[in-house]
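Written below as structure tokens is the structure these notes are about.
The values are calculated or read from the model by the stated rules, or taken from the named source; none is laboratory data. Remember, it's a predicted structure, so these values are computed and weren't measured experimentally. For neighbour counting, all protein chains shown are included, and Cβ atoms are generated from backbone atoms with ideal geometry for every residue, glycine included.
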Amino acid sequence: MNGALAGIHLIGGWLPIVVNLAAAGLLIAVVIWLAVPVKPGLRRRGAVSAAVGAAAGAALGWLLCWLLSDQLNLFEVSLTPTSRAWVVAAFAAVGIAVVALVRRGSGRTAGRRIDRPALRRTVASLAAVTAVLAGALGVNADFGQYTTVGSLVDTAIAPPLPTRVLADQLSGAPGAVRTSSHHSAALWRTAADPAAPSHGIVGSVSIPATVSHFPARGAYVYLPPAALVPHPVALPVFIMMSGQPGSPANVISSGQIAAVFDAFARSHGGIAPIVVAPDQLGAPSRNPMCVNGLLGASESYLTVDVPNWIRTHLTVQAAPGAWAIGGFSQGGTCSIQLGAAHPELFSAIVDISGQLAPKNGGVAQTTAIGFGGNSAAYRAALPEAVMTRHAPYRHTVAVFGVGELDSRYGPVAARMTAAAQAAGMVATEAVSPGTGHDWHTVQWVLTHAMTAVYQQLGLVSAS
């Protein structure tokens with residue numbers, strides 16, 4: 001895809017403004033056509049027709065939201081009032097446009113004939129199309145999923161991580177083991193380099209599935225300013241995963257990773273975690289559930305191949321006390337699955353809007369795809385069962401984030417927090433005000449609810 005086209009913003013920027021203005025202008029033209037006919041006696045009927053079309057469209061939009069989201073749970077999330085409002089408004093506009101398409105008759109404005117059927121139908125069709133586009137952009141802005149046109153087709157959002165940067169990473173800090181033991185906050189302050197740049201960088205990388213043979217897509221790495229100097233100090237690691245459907249690019253663009261961790265680095269001498277966004281799905285429509293099943297050895301990829309690549313290509317801390325794993329939605333479920341099952345790898349877990357259990361369809365299908373039909377294996381893989389089996393956790397912290405408007409996963413976050421605390425984790429629930437099951441919740445949690453994680457990683461001192 002052309003770089004300029006791929007970079008057009010779908011949230012903010014000029015495109016949503018143009019689409020909304022076009023939709024409004026075309027809809028106003030259609031309403032005028034319907035409400036100002038030749039004969040005064042028809043005026044009421046035209047206006048009534050427009051009102052009936054709007055009401056019928058709005059009712060259909062509301063019904064679809066209720067049916068698909070609340071009854072059939074097609075999206076695995078509950079739509080927020082904002083998303084529902086966009087859908088209802090779009091369907092109401094389409095209802096008016098449909099009335100204009102099927103209605104016969106001519107209209108006048110100030111004695112001038114304006115109703116040419118072909119032109120009227122063209123304008124009504126354009127009004128319907130732009131209304132649907134405006135609604136889709138509004139719902140997308142509410143979820144924060146696709147930030148640019150390129151993200152719609154999984155276009156790379158960053159160039160490959162520069163060879164020079166990787167070479168500097170491999171050089172390590174002078175006189176220090178590149179995968180050294182856990183630092184303290186005081187040592188991080190000492191390690192701050194005044195020559196470090198003011199911003200970190202994001203680059204794409206390929207993490208081979210040497211052991212797992214999982215069909216992973218490309219990954220992304222965020223390196224904070226402290227990692228961009230010659231012979232950088234070994235830093236903590238934060239592995240972060242997208243939801244499903246999704247891709248590693250969503251973690252970077254929708255999660256605003258660079259902005260979030262650059263802000264932390266600015267107040268900590270350029271120090272922040274190295275963030276790695278690997279692919280736990282294989283494709284947007286696949287959900288291997290972060291287990292080794294029929295859809296691939298996703299668990300082995302994330303717990304063997306990805307850590308091995310990180311240790312051999314980046315200057316990182318070796319101890320699990322300096323490693324965190326997190327994710328959003330399906331990625332959040334993965335984070336508690338893998339973080340709880342592998343305390344030898346991770347000591348911090350950030351589960352944002354995750355589920356109670358890995359899920360790919362119903363329980364029967366999930367068991368068949370992920371566990372070879374073994375119901376006992378499925379039950380043993382549930383995060384609560386994993387935590388019970390590994391309890392007590394003596395050096396693990398967990399943050400369970402959720403949006404205030406997320407009625408479906410709010411109770412899940414509370415339940416998982418309680419289960420983690422019962423298993424010995426230092427667990428907290430973080431509720432993002434005014435957000436739902438969306439990337440705005442992710443941004444809020446990463447910005448406002450990471451203190452315990454930073455303390456665990458040794459980046460800040462315990463208060």
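Some observations on this one:
- Some residue of the range 378-390 being outside any helix (DSSP H, G or I), touching a Ser or Thr at 6+ places or on another chain (Cβ under 7 Å) and either at pLDDT 90 or above or over 19 Å from Asp438 (Cβ atoms) (or both): no
- One residue from Ala192, Ala226, Ala186 being in the same structural domain as Leu295 (by TED's automatic domain parsing), touching a Gly at 6+ places or on another chain (Cβ under 7 Å), modelled with pLDDT under 85 and among the small types (Gly, Ala, Ser): Ala192
- Hits in the range 339-349 - residues which are out of contact with any strand residue (DSSP E or B) (no Cβ under 6 Å at 6 or more places or on another chain) and either buried (at least 24 other Cβ atoms within 10 Å of the Cβ) or not hydrophobic (A, V, I, L, M, F, W, C) (or both): Ala340, His342, Pro343, Glu344, Ser347
Residue-wise test of (1) assigned by TED's automatic domain parsing to the domain that holds Leu79; (2) surrounded by 23 or more Cβ atoms within 10 Å (Cβ to Cβ); (3) more than 17 Å from Ile325 (Cα to Cα); (4) of a type outside the set (Gly, Ala, Ser).
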site	(1), (2), (3), (4)
Asp406	no, yes, yes, yes
Ala427	no, yes, no, no
Gly434	no, no, yes, no
Val445	no, yes, no, yes
Thr451	no, no, no, yes
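- Answer residue from the range 356-372, given it is assigned to a helix (DSSP H, G or I) and of a type in the set (A, V, I, L, M) and is nearest to Ala413 (Cα to Cα) among those: Val363
- Scanning the range 74-126 for residues that are polar (S, T, N, Q), surrounded by 19 or more Cβ atoms within 10 Å (Cβ to Cβ) and either at pLDDT 80 or above or touching a strand residue (DSSP E or B) at 6+ places or on another chain (Cβ under 6 Å) (or both) returns Thr80, Ser83.
- Comparison of Gly203, Gly270 shows that the only residue that is under 29 Å from Thr148 (Cα atoms) and either modelled with pLDDT under 90 or buried (at least 24 other Cβ atoms within 10 Å of the Cβ) (or both) is Gly270.
- Being within 16 Å of Ile325 (Cβ to Cβ), at pLDDT 95 or above and assigned by TED's automatic domain parsing to the domain that holds Trp309 is a property that holds for Phe238.
Residue-by-condition table, conditions (1) without any contact (Cβ under 8 Å) to a residue 40 or more places away in the chain; (2) of a type in the set (S, T, N, Q):
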position: Leu405; (1), (2): no, no
position: Tyr409; (1), (2): no, no
position: Ala413; (1), (2): no, no
position: Gln421; (1), (2): yes, yes
position: Ala430; (1), (2): yes, no
position: His437; (1), (2): no, no
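- Residue among Leu295, Leu302 that is crowded, with 24+ Cβ neighbours inside 10 Å, among the hydrophobic types (A, V, I, L, M, F, W, C) and in the same structural domain as Ala209 (by TED's automatic domain parsing): Leu302
- The set of residues in the range 331-353 that are in a loop (DSSP other than H, G, I, E, B) and touching a Pro at 6+ places or on another chain (Cβ under 8 Å) comprises Pro343, Glu344, Leu345, Phe346, Ser347.
- Meets criteria (more than 19 Å from the chain's Cα centre (by Cα) and β-branched (Val, Ile, Thr)) for Thr333: no
- Long-range neighbours under 8 Å by Cβ, at least six apart or interchain, first residue surrounded by fewer than 24 Cβ atoms within 10 Å (Cβ to Cβ) and modelled with pLDDT under 95 within the range 318-338, second among the aromatic types (Phe, Trp, Tyr) and not in a strand (DSSP E or B): Pro320/Phe346
- Residues of the range 204-225 that turn out to be without any contact (Cβ under 8 Å) to a residue 60 or more places away in the chain and out of contact with any Pro (no Cβ under 6 Å at 6 or more places or on another chain), as a count: 3
- Residue that is crowded, with 21+ Cβ neighbours inside 10 Å and closer than 29 Å to Asn73 by Cα, where the choices are Ala385, Ala413: Ala413
- Evaluating Gly327 against the criteria (1) farther than 17 Å from Leu446 by Cα; (2) part of a strand (DSSP E or B); (3) not aliphatic (A, V, I, L, M) leaves one unmet condition, (1).
Conditions tested, residue by residue: (1) over 26 Å from the mean Cα position of the chain (by Cα); (2) farther than 23 Å from Leu126 by Cβ.
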{"position": "Val52", "(1), (2)": "yes, no"}
{"position": "Gly57", "(1), (2)": "yes, no"}
{"position": "Gly61", "(1), (2)": "no, no"}
{"position": "Asn73", "(1), (2)": "no, yes"}
{"position": "Ser78", "(1), (2)": "no, yes"}
{"position": "Pro81", "(1), (2)": "no, yes"}
{"position": "Ala89", "(1), (2)": "no, no"}
{"position": "Ala92", "(1), (2)": "yes, no"}
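- Criterion violated by Tyr393 - all others in (1) on the phi < 0 side of the Ramachandran plot; (2) within 20 Å of the chain's Cα centre (by Cα); (3) of a type outside the set (A, V, I, L, M, F, W, C) satisfied: (2)
- The selection criterion, being within 16 Å of Gly293 (Cβ to Cβ), surrounded by 20 or more Cβ atoms within 10 Å (Cβ to Cβ) and modelled with pLDDT under 90, holds for Gly370.
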